[in-house]
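The values are calculated or read from the model by the stated rules, or taken from the named source; none is laboratory data. What you see is a predicted model; the values in this text were computed from it and never measured. Glycine also receives a Cβ, built like all others from the backbone with ideal geometry; neighbour counts cover every protein chain displayed. Accessible surface areas use protein heavy atoms only, side chains included; no ligands, DNA or RNA. Shrake-Rupley method; radii C 1.70, N 1.55, O 1.52, S 1.80 Å.
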Amino acid sequence: MRDHTQNQGPEGPAPPVWTGRATNRLQWLPAIGGVACLALGVLLAVESPWASGDAPLLMAVIGCIAAGLLVLFGTLAFVQVAVRVDHRAMEVRCGHIGVPRRRIPLSHVVGADFAPSVTPRQWGGWGYRWRPEKGTAVVVRRGEGLVLRLGDGRTFTVTVDDAESAVRTIRALLHRAAPPTPTAPAGPAGV
């Protein structure tokens with residue numbers, strides 16, 4: 001899903017806005033496992049078959065509920081990613097509630113590249129990843145991605161559908177924001 005909006009205003013055409021997203025339906029499987037852990041914790045709390053005391057039961061209930069919540073929210077946060085690029089920044093929002101979120105001002109970006117194949121294996125799994133030799137990434141599925149080169153030498157990668165058009169939009173916005181290069185004034189030829 002992309003939107004290349006060009007609105008005509010009093011100052012001329014508005015800068016382009018690009019939106020895109022990527023989803024990973026396989027992430028729903030671990031989320032179901034998280035719900036099962038939560039249900040087991042509630043079942044243990046309600047129908048306690050344990051006769052060995054309250055402490056072991058309490059630990060089992062808390063453990064199941066904590067594991068279930070971690071798995072559930074950890075996977076649901078990376079079922080999808082939404083990316084928005086405008087003349088100010090690129091914003092990445094994960095999951096259905098938009099958390100975690102990352103906003104990178106275009107003033108910090110020196111370039112954008114298309115990555116035809118980004119895999120979870122390259123980054124150590126799905127989710128929000130950091131590798132010292134590679135940079136930071138949001139990987140929700142295998143496939144094409146967008147790689148931003150930042151002014152501090154780091155990179156930020158995100159898997160998103162139609163990443164090539166995102167790269168074109170970012171490059172156009174960076175070119176538009178770049179100050180014109182001064183030229184030397186031309187003097188008389190014989191002086």
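Within the range 135-153, identify whether any single residue is of a type in the set (A, V, I, L, M, F, W, C), over 14 Å from the mean Cα position of the chain (by Cα) and either farther than 25 Å from Leu72 by Cα or open to solvent by less than 20 Å² (accessible area, probe 1.4 Å) (or both), and answer yes or no. Checked the range 135-153: at least one residue is of a type in the set (A, V, I, L, M, F, W, C), over 14 Å from the mean Cα position of the chain (by Cα) and either farther than 25 Å from Leu72 by Cα or open to solvent by less than 20 Å² (accessible area, probe 1.4 Å) (or both). Among the residues of the range 46-73, write down those that are small (Gly, Ala, Ser), under 37 Å from the mean Cα position of the chain (by Cα) and surrounded by fewer than 16 Cβ atoms within 10 Å (Cβ to Cβ). Answer for the range 46-73, where residues must be small (Gly, Ala, Ser), under 37 Å from the mean Cα position of the chain (by Cα) and surrounded by fewer than 16 Cβ atoms within 10 Å (Cβ to Cβ): Gly63, Ala66. Among the residues examined, Leu57 qualifies as in contact with a helix residue (DSSP H, G or I) (Cβ under 7 Å, 6 or more places away or on another chain) and of a type outside the set (Ser, Thr, Tyr).
If the condition is being open to solvent by 30 Å² or more (accessible area, probe 1.4 Å) and either in contact with a His (Cβ under 9 Å, 6 or more places away or on another chain) or without any contact (Cβ under 8 Å) to a residue 40 or more places away in the chain (or both), then the range 81-110 contributes Arg88, Glu91, Arg93, His96, Ile97, Val99, Pro100, Arg101, Arg103, Pro105.
As an exercise: evaluate Gln27 against (1) farther than 26 Å from Val139 by Cβ; (2) at pLDDT below 80 and give the number of the one condition it does not meet. Every listed condition holds for Gln27 apart from (1). The strands (runs of 3 or more DSSP E) found wholly in the range 100-180 and carrying at least 3 residues that are hydroxyl-bearing (Ser, Thr, Tyr) occupy 155-159. Within the range 60-103, being among the basic types (Lys, Arg) and touching a Pro at 6+ places or on another chain (Cβ under 9 Å) holds for Arg88, Arg93.
Scan the range 49-65 for residues that are assigned to a helix (DSSP H, G or I) and in contact with a Leu (Cβ under 9 Å, 6 or more places away or on another chain) and jot them down. Within the range 49-65, Leu57, Ala60, Val61, Cys64, Ile65 meet the criteria.
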